[in-house]
Every structure is written in structure tokens, then in C-alpha cells.
1. Restricted to region 113-122, and to residues that are over 10 Å from the mean Cα position of the chain (by Cα) and in contact (Cβ under 8 Å) with a residue 24 or more places away in the chain, which residue is surrounded by the most Cβ atoms within 10 Å (Cβ to Cβ)?
2. Quick check, is residue 56 basic (Lys, Arg) and more than 24 Å from residue 144 (Cβ to Cβ)?
3. For region 45-60, enumerate the residues that are farther than 19 Å from residue 100 by Cβ and not charged (D, E, K, R).
4. Any idea which residue in region 78-112 is surrounded by the fewest Cβ atoms within 10 Å (Cβ to Cβ), counting only those that are charged (D, E, K, R), over 18 Å from residue 60 (Cβ atoms) and touching a residue at least 12 places away in the same chain (Cβ under 8 Å)?
5. Go through 155, 134, 144 for me and flag whichever is farther than 30 Å from residue 43 by Cα, modelled with pLDDT under 75 and touching a His at 6+ places or on another chain (Cβ under 8 Å).
Amino acid sequence: MTALTTPSLSLPSLSDENGISAYFRHVNALPMLSVDEEYMLAKRWQEHEEPDAAHKLVTSHLRLVAKIAWRYRGYGLPFADLVSEGNVGLMKAVRKFDPEKGFRLSTYAMWWIRASITEFVLKSWSMVRLGSMNAQKKLFFSLNRAKKKLSIIDNGELNPEDAKQLSKYLDANEDDVFRVNRRLTQRDFSLNKPVTDEDGGGEFLDFLADESPNAEDIVCERDEADYQSALIRDAMKTLKPRDAEILAARWLTDEQPSLESLGEKYGISRERVRQLEERAMRKVKEYIHAAMSEENETLIAA
């Protein structure tokens, strides 16, 4: 598989000389592949390891790498490094892609790109200082999104009320929320910062991605929703029948029954129903967390 592991696979570079705006223009101008073109190129690579086929598969998806990498810009790392790591994930995806499975390369590659960039961010931020527990890693990647969801704006230091709200929303320790937020905001940069020192180079704000969904986003979100639904179904199978029924009734139905009504149905107290629901939810969360951690480690190690 030398075509994907040596410099012979030439990719456009992102450097201070070229600039972010030029790179985006370059990758967005690269031709996209039709379903048939992608299938034929993937088969040529799979069966004959043709470098040209691999090159076309990779370059046609560089815009996907750039888009995913841009979502990680808030961690204060050079965008060129994020793109480079994402390209590594893309090349791994191309190497392992099986066109006979019936889905597009972009859907498959998304997971490899994200895994590669995620691993790079974790290493760059020295997670030994933040903590190596999975819960703390989850907090690291969820905090900014949660702040946006809860409309919390801070200047680097959360007030106690906001920290309490975030800890409850994320099911995290308040001290961890304070500490991780401080680490994150210390590396934030202004979106009004110029992309280059040249006049007319534009600001980072000018290159924010359009948040409206496109066809690729819709497919990726649908696949991720299907994946999460499958995880929940598998997790529910590990529960005792009564626990699963209670959890499904309380969380997976439009009309949520009361604890009292479920207690009458099963001949137990209201408090016992609450305990069973809490236990079942904890087991489901543990199962899903373990499954996702195992998959991410598998992708990174592959």
C-alpha cells in the first residue's frame, strides 16, 4: 500500500505563504466524484493498488477534511496541523474502504478523519495535565458545545452559577468544568484576527463554514443517528426485562408515564420504580460509553 504511505501521494499544502483562504479555494475547486466514478476508482485501488486511483479518491475528499478540521479550530492548534492529521485519517479510510458495502467513501472516511484529529488534539493538549479518564476527555470535547447550547459567554473564567449549570448539563464535576474551561479559553483566539499579515487577507470570521446542512452533512448525521440508535438497542438488551420496560416507558415514548402508574403496573412502590430507572439508565450510559471508547481506540490504533 505504498501509494498511501509515501510522499508519492502529493497533496496540496497549507502554509503561511499560501494561507487558509487560498487552501480553501484550492480544495473546493477540486472535482467531486460521482457514485460510479468513486466505485470504479475504489475497485482499481482495492484490486490493483493503482496510485492514480488512490490519489483521485483522496484529493476529491480534501474539502471534507478541511471542513471537519475547521470544527476543531477552537483548541488553539495550527489549522495546518489539523488538516495534516485529518489527511492521514482520510488516507487510512481510502486504504480500508470497500465499495461493495454500498455506502459512500465520505460517510466511511468521516470517522477516520475525526479519530485522527481527535487523537492529535488530545496529544497536543497533554491530557496528563487535564486527566486521562474518559469522562474528562469527554468534558474536554463537549464543554464549548455545551456553553453554546446554554448561551453561556465567559472571558476565560466561569462564574459559579454558569459552572454549576454546565456541570449539571454535562454530568461532570464543577472543579473539572472550571479547570478545563480555563485551559480551553487560554488558547482561544479572536475570530477577528487577520488570517495573514497582508492587507485584504481577511479575518478568520470570513471563513466560518456555512452551518446550513448540505447533502453530505445530512447523510453523515443520519448515519450517526442510526449508529447511536443501534448502540441504545444493544445496551437495552443487557438489562433485565422489567428494567428495560421501565426505561423505555420513561425515556423512549412520547407520552411518559408517571412513576406511580408504573409502580401500580409492576406492583412496586414509586421509589422502587425510580431506583430501577436510575440503575437502568446508568447501565445504558456505561455500555454506550464503553462501546464508543472501544471503537475510537480501534480506529486510532488501526
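The values are calculated or read from the model by the stated rules, or taken from the named source; none is laboratory data. Everything quoted here is computed from the prediction, not taken from an experiment. Reconstructed Cβ throughout: ideal geometry from the backbone, glycine too, with neighbour counts over all protein chains shown.
1. So the first thing to find is which residues in region 113-122 are over 10 Å from the mean Cα position of the chain (by Cα), and the list is 116, 119-122.
Keeping just the survivors that are in contact (Cβ under 8 Å) with a residue 24 or more places away in the chain gives 116, 119-121.
Details: 116: 26, 119: 18, 120: 22, 121: 19.
Top of the filtered list is 116.
2. On the way: basic (Lys, Arg): yes; more than 24 Å from residue 144 (Cβ to Cβ): yes.
Criteria met by residue 56.
3. 51, 55, 58, 59, 60
4. Residues of region 78-112 charged (D, E, K, R): 81, 85, 92, 95-96, 98, 100-101, 104.
From what is left, the residues that are over 18 Å from residue 60 (Cβ atoms) are 81, 85, 100-101.
If we keep only those that are touching a residue at least 12 places away in the same chain (Cβ under 8 Å) as well, we get 81, 85.
On the way: 81: 15, 85: 24.
Among residues in region 78-112 that are charged (D, E, K, R), over 18 Å from residue 60 (Cβ atoms) and touching a residue at least 12 places away in the same chain (Cβ under 8 Å), the one surrounded by the fewest Cβ atoms within 10 Å (Cβ to Cβ) is 81.
5. On the way: 155 fails: touching a His at 6+ places or on another chain (Cβ under 8 Å); 144 fails: touching a His at 6+ places or on another chain (Cβ under 8 Å).
Residue meeting the stated conditions: 134.
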